[in-house]
Amino acid sequence: MISALAVLFLFSRCGQESWPSGDQLAISWKVISNEFADSPRVKASFTLTNNSNVTLKPGKWALYYNQQPREILQNPDNAEITRISGDWYKLEPGKDLVIKPGESTELIYEAQAWWIKEVDAPLGLYFVFYDRNGNEKQVVAVSNYEIEPFVSPEQINRHRNDFEPIPTAANLYERNKWLTDIPSGQLPAIVPSPVVYKASGKSVVFDSAPEILYQRGLEKEAGMMAAFVSRLAQTTVSPVEGSGPKPNAIFLETRPIRVNNTSREAYRLEIKSDKSIVVTGNDAAGVFYGIQSLMALLPVEIFAGQTVEPGLPEVVIEDSPRFGFRSVHLDVARNFQSKETVKKIIDLISFYKINHLMLVLSEDEAWRVEIEKLPELTSVGSRRGHTIKTSLDMLHPAYGSGPFADAADSWGSGFYSREDYKEILRYAHDRHITVIPTINLPGHSRAAIRAMEARYERLMNEGNEAGANEFRLIDPDDSSVYNSAQSFNDNVVCVARESVYRFYEAVIDDIIEMHGEAGVPLEYFHTGGDEVPEGAWAGSPLCRELMKTLPEVKDPKNLQAYFFSRAVEILQRKDLKIGGWEEVVLLKTENGNYVPNPEFAGKNIIPWVWNNQGRWADLAYRTANAGYPVVLCDVSNFYYDLAYNKDPQEPGHYWGGFADARSGWQFAPYNSFITNLKTAMGKPIDPETEFAGLERLNPEAAANIIGIQAQFWSETIKGPRMLEYYMLPKFLGFVETTWAKPRNWESQSDPDIRKRQMDEGWNLFANQLAKRELPRLSGIFGGYNYRIPQPGAVIEDGMLKANIEYPGLIIRYTTDGTEPQRNSMIYEGPVRVSGKVTLKAFDLSGRSGRSVVTE
């Protein structure tokens, strides 16, 4: 009897399966080459090492991950890689792939195009283990993962027609050679540059904290001024209503004022020798911006944590914005950012006099704001984790969000409750920023579609068919074949369903209600509307029936105009300003071209125009000439999710080229052709010939360029520090362009003179970044994680020569292979060295960037 029980126990133990832990399976990934084939394709490899005591057998495991979407052209020997949806992939072993304990295997594969950066590597890797019947039994996140370095040109270049240089130490040195150091006293005092700045050369020193006096109606501005002075003086300063200026006091007032033919947001700031400061605004916003300029005049050492006499210049500033619409776009859908992060970004952009914040609250990959009537939008649409493509409980992983929806340091899940959203609205409003919510339809709608399918199934199971269909977004019989920009084939709503418009209005009504409860009425609504893929709606029986009633619609693609016309009706009834990406006002012609749709011109519908590359370089001007008010969002200049440069360790996209601080600074709003000087592949452009046949902005349409927006799409942005790194300092070039008066080179017709003027202006601005803006950013509003560039360096005849992109940063170096520290040798001019030299740039606060090695 005992023997029989022992055999039974042993048999049951043998039937149990065990699986490796996340650190026992080591994975490395590398790009082998982007240049091995005649046509663009990339060869890469996974190396899997089994450090567990479990043999990995076919059918018992699969590796899931996210990666920049590329179609797989050649699978590994004895394994198969499948792109499931979007950037979500699955690697499965072939029938003969067995990895025993202690063994490794390399799986080489090929894909479309190229991967050139660490952010291109697989992210969010995890194993799923299966039982003998193919049932999922265990999900394990990979914790032992290495991205092998990109070291050779064939790993870093985009095939063979990449003209963008690899930013080596020598290349950076050559690029920076023309820049010169300008003494701090000769630099403009404020970014963005004011219209008028008259300084006496004298300094005004305060021995004690000044009083804060204000005119009635400026309580919020006075409160913020008092809070800042209190922190600075380490005492308590309470604002008091006052009737006029007096010594040792800051007086805030509004009265009619006009600067450079502009009244709205105009201000005058005067700091007098008797220690009286007067901030006069044409309106409360003008007063607020005058306060920001006053803060900017303080010695930057204060913000950099150094002790310094808190003196201010004796000065008169008169200022107003070039554009009344100055906006930052923040995508919190692809990867989430917390309410606290958004508020800190609001602090930053308001300091630099930005007055709009476009919040992208829905995309394919998530829905980020609570809609009371439709709880599935957040219970399903705001969560990402391991599931199946057609899941109704949450969305599948994206952008490395990993298998677990609520894991720490994963930015895939999250949403703003109604109270969170209202708090953001109030915080922005107090800082004279208008929040523009964006709900993306009819494309980029996968999160909404999956959420509403979950609602549909729930109500159908309850026997409520009418309720189930009330907000359904798809045609279940749609056989359309398409592939969206982010590689989804199920992300477009069915514009023939009335339930789509009920859904749209329900969401808008809820957002309007939240704005009302916050005391911040909704002014703008951005419809998204971009990148509806070719092929959408072509296989939908409901859409085919709709087209029969719309004889003017010959191509299913133009059903987007039908959707937008319905959306416009809803939004106009609610007295909202209507925005959308450029596609919402374009029609596809019979020959396949896209032209501005005259239907919506003159109806206060604002296209945000982003595509400025190649044959689209004149699109913004064609749209403005057609009568539309236009917000310029040019990819080449203002898509700040693009990487700073081609360095593999610099995060960011590069499909539109690369974007640094100069990209946004060097932009002529009314003639962008002269500042669009290279292709996305880095090939130099002669604008005189390249854009010769394109449409120019008509003088009478110049007023239709209402403003400029900087974009921060978040596919590659994980968390607040990364967001700040992407923003700073490149965002500051955008600030100068959107607020400051036109630069002399913008109207210069001679290309040689124009280039010289551009270079002179940029050299000045680069010095400002190094000596003023970066040190201030180290401490203001708690400090920001800005980027400090690598030095350029060469060794010629044994002499080290070095320079930097922003003159005024301190270059330190070592010759023993160690990383330079704050006490390392300072480079002050050519110096004799031997062997390898490691260099790193530091700013006034002591912060540093990445090092560079030369020999």
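Odds and ends about this structure:
- Filtered residues of region 524-581 (kept if of a type in the set (D, E, K, R) and either in contact (Cβ under 8 Å) with a residue 60 or more places away in the chain or closer than 18 Å to Phe503 by Cα (or both)): Asp530, Glu531, Arg566, Glu569, Arg573, Lys574
- Residue match in region 587-602 (condition: touching a helix residue (DSSP H, G or I) at 6+ places or on another chain (Cβ under 8 Å) and β-branched (Val, Ile, Thr)): yes
- Here Ile795 fits the description: within 30 Å of Lys836 (Cα to Cα), of a type in the set (A, V, I, L, M, F, W, C) and open to solvent by 30 Å² or more (accessible area, probe 1.4 Å).
- Selection within region 569-598 - part of a helix (DSSP H, G or I), closer than 13 Å to Phe525 by Cα and in contact with an Asp or Glu (Cβ under 7 Å, 6 or more places away or on another chain): Ile570
- Pair list, Cβ under 7 Å, 6 or more apart: region 21-32 residue more than 11 Å from Thr49 (Cα to Cα) and touching a residue at least 12 places away in the same chain (Cβ under 8 Å), other residue outside any strand (DSSP E or B) and not polar (S, T, N, Q): Gly22/Val142; Trp29/Ala121; Trp29/Pro122; Trp29/Glu148; Lys30/Glu148; Val31/Trp115; Val31/Phe150
- Pairs where the first residue, in region 39-52, is more than 22 Å from Ala113 (Cβ to Cβ) and the second is in a strand (DSSP E or B) and β-branched (Val, Ile, Thr), C-beta under 6 Å, 6+ apart: Leu48/Ile27; Leu48/Thr105; Asn50/Ile99
- A search for C-beta distances below 7 Å between a residue of region 814-827 that is within 17 Å of Asn803 (Cβ to Cβ) and any residue that is in a loop (DSSP other than H, G, I, E, B), counting only pairs 6+ apart in sequence or on different chains, returns Pro820/Ser851.
- Qualifying position, being surrounded by fewer than 17 Cβ atoms within 10 Å (Cβ to Cβ) and either among the basic types (Lys, Arg) or under 20 Å from Gln292 (Cα atoms) (or both), among Ser243, Ser203: Ser203
- Residue within region 710-730 that is of a type in the set (Gly, Ala, Ser) and over 21 Å from Gln292 (Cβ atoms) present: yes
- Scanning region 284-325 for residues that are out of contact with any helix residue (DSSP H, G or I) (no Cβ under 9 Å at 6 or more places or on another chain) and without any contact (Cβ under 8 Å) to a residue 24 or more places away in the chain yields one hit, Pro299.
- Selected residue (criterion: most open to solvent (accessible area, probe 1.4 Å)) from residues of region 332-384 that are assigned to a helix (DSSP H, G or I), over 30 Å from Ile780 (Cα atoms) and touching a helix residue (DSSP H, G or I) at 6+ places or on another chain (Cβ under 7 Å): Glu376
- Inter-residue pairs, beta-carbon under 6 Å, first in contact (Cβ under 8 Å) with a residue 40 or more places away in the chain and in region 212-223, second acidic (Asp, Glu) and open to solvent by 30 Å² or more (accessible area, probe 1.4 Å), 6+ apart: Lys220/Asp430
- For region 547-568, the criterion of being assigned to a loop (DSSP other than H, G, I, E, B), closer than 25 Å to Phe325 by Cβ and open to solvent by 20 Å² or more (accessible area, probe 1.4 Å) is met by none of the residues.
- Of residues in region 501-512 being more than 16 Å from Ala466 (Cβ to Cβ) and within 29 Å of the chain's Cα centre (by Cα), the one most open to solvent (accessible area, probe 1.4 Å): Asp509
- Failed item in (1) within 27 Å of Lys718 (Cβ to Cβ); (2) open to solvent by 10 Å² or more (accessible area, probe 1.4 Å); (3) not in a loop (DSSP other than H, G, I, E, B), with Gln790 passing the rest: (3)
- Residues of region 426-454 that are surrounded by 24 or more Cβ atoms within 10 Å (Cβ to Cβ) and either free of Cβ contacts under 8 Å to residues at least 24 places away in the same chain or part of a helix (DSSP H, G or I) (or both): Ala428, Arg446, Ala447, Ala448, Arg450, Ala451, Met452.
- Among residues of region 390-425, those that are assigned to a helix (DSSP H, G or I) and touching a residue at least 40 places away in the same chain (Cβ under 8 Å), counted: 7
- Strands (runs of 3 or more DSSP E) fully within region 53-147 counting 1 or more residues that are in contact (Cβ under 8 Å) with a residue 60 or more places away in the chain and surrounded by 18 or more Cβ atoms within 10 Å (Cβ to Cβ): 61-66, 79-85, 88-93, 104-112, 123-130, 136-141, 145-147
- Residues located in region 673-685, provided they are assigned to a loop (DSSP other than H, G, I, E, B) and either touching a Ser or Thr at 6+ places or on another chain (Cβ under 7 Å) or in contact (Cβ under 8 Å) with a residue 40 or more places away in the chain (or both): Asn676, Thr679, Ala680, Met681, Gly682, Lys683, Ile685
- Pairs, first open to solvent by 10 Å² or more (accessible area, probe 1.4 Å) in region 633-647, second assigned to a loop (DSSP other than H, G, I, E, B) and acidic (Asp, Glu), C-beta under 7 Å, six or more apart: Tyr644/Glu650; Tyr644/Asp660; Asn645/Asp660
- Helices (runs of 4 or more DSSP H) wholly inside region 599-672 that include at least 1 residues being farther than 18 Å from Gly733 by Cβ and in contact with a strand residue (DSSP E or B) (Cβ under 8 Å, 6 or more places away or on another chain): 619-625
The values are calculated or read from the model by the stated rules, or taken from the named source; none is laboratory data. Just so we're clear, the structure is a prediction, and the values are computed from it rather than from any experiment. All Cβ positions, even for glycine, are placed from backbone atoms using ideal geometry, and neighbour counts span all protein chains on display. Just the protein is used for accessible areas: all its heavy atoms, side chains included, with ligands, DNA and RNA removed. Shrake-Rupley method; radii C 1.70, N 1.55, O 1.52, S 1.80 Å.
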